[in-house]
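Here the structure comes first, spelled out in structure tokens, and everything after it is commentary.
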Amino acid sequence: MFLLCDDIHTMLWFCFKLFKYTLPPSNPVSERLLRVVHYVYSKDIKPKNRACRDGGNSVQWELVRTTWKDFTDGIIILSRLVLILRKKDCSFDDRLLSSAIAKYKQQVLKELEDKLMSAKDVSELNGFERETVASNVSDLWKSLFDEEAGESTPEVARSRILSDLFQPISGHSCHGEIPTLPVTYPYILGDEFAKQKLREEVVQLGVELSLYVAESMFLLSDEIRSVFQFCSKLWRELKRTNKVGHPAGERLLRVIHHVYSRYIKPKNGEYHIGGKSVQWELVKTTWEDLDAGFREMHRLISILEVDDGSCTDGREFTSRIEEALNKVEDKLRCAKDVSEANGFAREAMKSNILDMWQFLFDREKEEVLWTRKVRREEILSDLFPILGEEDEEEAKQY
């Protein structure tokens, strides 16, 4: 408003469309937006008796126009957040709300700050004092969650505010470009937000599970037979309980093959019939937790691949996967120095493993990068034929 105040016509039409077409007038966020606009206009701008020329245009209009989507997105997202918190909607847990607020700050508030930064001197020259304004308008928001304070501004009071605020442009033609400014519906806290956030979490959990598989392989790499036995049992058990070709199993196989072919195979480690890695007894204790993590991952992916899959149910699965990850972390902590000495570099490996998971829910990109049947057969022939029948039977006992 301070940037546009060199032309009241432009400023008021911008505020009018922001109020009129973004949310219903009785919405609590819209109510407070109207009060803020009226307060700033009546206290800081109206007393200066600026001209309101029909057809006028502010010098800063081209800049402020670029902020339109950020403002409308911010107002709509804030309204959704208020609605969720007022209703205490259990479908949005603390983790989801924290993510939404973080995205709101980064994608809306930071974007507005960056765009308006170039004109900071102009707004201050026009009278904008951020700290003073913040202190004054904060009182207008304090009752946002106070149900006893009343839900909305009385109709008479709202009409008076609207008349006082927009009377200068009554009967004037609208600013030429303002009618074309669109109001779109942002993704944050929208219909697909909960499911998309859950999908993002699934990818990250998949990466974490894979990293622990990789670390286990490095721990066992002093005896290649132990590496194969561990991986064979993990893969074959997942294949036995779940459909072959399911994304969780496919990615487990890719991770095993990537770690083996890139990091372990080139070292030409020892392979002895009946041999055992020094770390075998430790790593063996993680197998059930990793297996449980991948099985829960399989079920969760199946839910999210269905259009009407429940995000609430999904949270139960992520909790169980996180529990499995915590157990593996606790068990392997004592051997961290050994895995690193054997070449395991968690952060360096993380980006490569993320590449294998990032298109988990994008089948078109997945198919471009991965021809499942052909690659699976190649990987299996490269990995497991080295295990003889005796080794396979022994692996099944653990």
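The criterion of being open to solvent by 60 Å² or more (accessible area, probe 1.4 Å) and at pLDDT 75 or above holds for D355.
Against the criterion of being under 30 Å from D191 (Cβ atoms), open to solvent by 60 Å² or more (accessible area, probe 1.4 Å) and either at pLDDT 90 or above or touching a His at 6+ places or on another chain (Cβ under 8 Å) (or both), K110 qualifies.
The residue list L205, L219, L234, L211 contains one member that is closer than 19 Å to S302 by Cβ and touching a residue at least 24 places away in the same chain (Cβ under 8 Å), which is L205.
What helices (runs of 4 or more DSSP H) completely inside the stretch 1-117 contain at least 1 residues that are without any contact (Cβ under 8 Å) to a residue 40 or more places away in the chain and over 28 Å from the mean Cα position of the chain (by Cα)? Before the answer, list the steps.
Details: elements: 8-22, 28-40, 61-65, 68-87, 94-104, 110-117.
Correct list: 8-22, 61-65.
All of (1) assigned to a helix (DSSP H, G or I); (2) modelled with pLDDT of 85 or more hold for S277 with one exception: (1).
Filtering the stretch 145-178 down to residues that are β-branched (V, I, T) and modelled with pLDDT under 75, which residue is nearest to R35 (Cα to Cα)?
T153
In summary, T285 fulfils each of the numbered conditions (1) touching a residue at least 24 places away in the same chain (Cβ under 8 Å); (2) surrounded by fewer than 15 Cβ atoms within 10 Å (Cβ to Cβ); (3) within 26 Å of the chain's Cα centre (by Cα) with the single exception of condition (3). If you filter the stretch 236-255 down to residues that are among the β-branched types (V, I, T) and either open to solvent by 30 Å² or more (accessible area, probe 1.4 Å) or farther than 13 Å from N352 by Cβ (or both), you find that the one that is modelled with the highest pLDDT is T241.
Determine, yes or no, whether G206 is small (G, A, S), part of a helix (DSSP H, G or I) and open to solvent by less than 40 Å² (accessible area, probe 1.4 Å).
Working: small (G, A, S): yes; part of a helix (DSSP H, G or I): yes; open to solvent by less than 40 Å² (accessible area, probe 1.4 Å): yes.
Spelling it out, G206 is indeed small (G, A, S), part of a helix (DSSP H, G or I) and open to solvent by less than 40 Å² (accessible area, probe 1.4 Å).
Selection of the stretch 118-131 for residues being closer than 18 Å to K43 by Cβ, of a type in the set (S, T, N, Q) and not in a helix (DSSP H, G or I) yields only N126.
The values are calculated or read from the model by the stated rules, or taken from the named source; none is laboratory data. Here the structure is a predicted model, which means the values were calculated and not measured. No Cβ is skipped: glycine too gets one built from the backbone with ideal geometry, and neighbour counts run over all protein chains shown. Calculation scope for accessible area: heavy atoms of the full protein, side chains included, ligands and nucleic acids excluded. Shrake-Rupley method; radii C 1.70, N 1.55, O 1.52, S 1.80 Å.
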